[in-house]
Amino acid sequence: MRDARALGYRIGLHSAGIYPRRFAEVLPLLDWVGFDAKAPFDESYDRITGVRGSGNAALASATILLASGVDHEFRTTWHAGFLSRAELGWLTRTLADLGVRRYALQEFRASGGVAFRPQGEAAGADLDVLRRRFPQFSLREA
């Protein structure tokens with residue numbers, strides 16, 4: 001990163017924040033971070049990642065990123081079969097309370113191109129809530 005920056009390149013990083021100490025070390029070298037928030041930062045995170053304590057690590061990294069001043073976007077790839085609407089609501093409330101301003105909800109795409117798309121009035125209401133919750137919200141369709 002240092003070498004690329006010395007050559008005049010801008011540096012972006014896509015991260016799930018699994019190593020907060022290392023993440024904090026590289027933040028000063030970054031121009032932008034895409035942060036994958038996978039679930040509420042509790043046992044739900046551990047269930048999604050299969051790694052015990054991963055929610056604590058991700059929350060620590062998210063907090064470090066928000067305090068850093070580095071441009072960023074938080075995003076969640078969502079499939080209701082893995083993360084319930086209630087869990088998604090809890091996660092996004094937490095992110096908004098932490099100060100996240102730019103958030104993207106990405107539709108899950110399974111191998112073979114099969115996608116899950118939120119449908120019906122409940123999904124529309126959820127998206128309306130997210131649009132109000134974050135000053136910059138986007139839905140990325142599969």
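The values are calculated or read from the model by the stated rules, or taken from the named source; none is laboratory data. Not measured: the values here are computed from a predicted model. Cβ: placed from backbone, ideal geometry, glycine included. Neighbour counts: every protein chain shown.
Please verify whether R21 is farther than 24 Å from A96 by Cα and either among the aromatic types (F, W, Y) or surrounded by fewer than 12 Cβ atoms within 10 Å (Cβ to Cβ) (or both), treating the condition exactly as stated. No; evaluated as a whole, the condition is false for this residue. Among the criteria (1) surrounded by fewer than 18 Cβ atoms within 10 Å (Cβ to Cβ); (2) at pLDDT 95 or above, the one H72 does not fulfil is (1).
Right, T94: under 24 Å from V129 (Cα atoms), touching a residue at least 24 places away in the same chain (Cβ under 8 Å), surrounded by fewer than 18 Cβ atoms within 10 Å (Cβ to Cβ) and of a type in the set (S, T, Y) or not? So T94 passes the test. Only residues that are more than 12 Å from G17 (Cβ to Cβ) and among the aliphatic types (A, V, I, L, M) were counted across the stretch 56-113, and they come to 14. Can you give me the number of residues within the stretch 10-28 that are under 16 Å from A67 (Cβ atoms) and not polar (S, T, N, Q)? Within the stretch 10-28, residues that are under 16 Å from A67 (Cβ atoms) and not polar (S, T, N, Q) number 9. Residue-level check: of (1) surrounded by 16 or more Cβ atoms within 10 Å (Cβ to Cβ); (2) touching a Lys or Arg at 6+ places or on another chain (Cβ under 8 Å), I11 misses just (1). The set of residues from the stretch 111-142 being at pLDDT 65 or above and aromatic (F, W, Y) comprises F134, F137.
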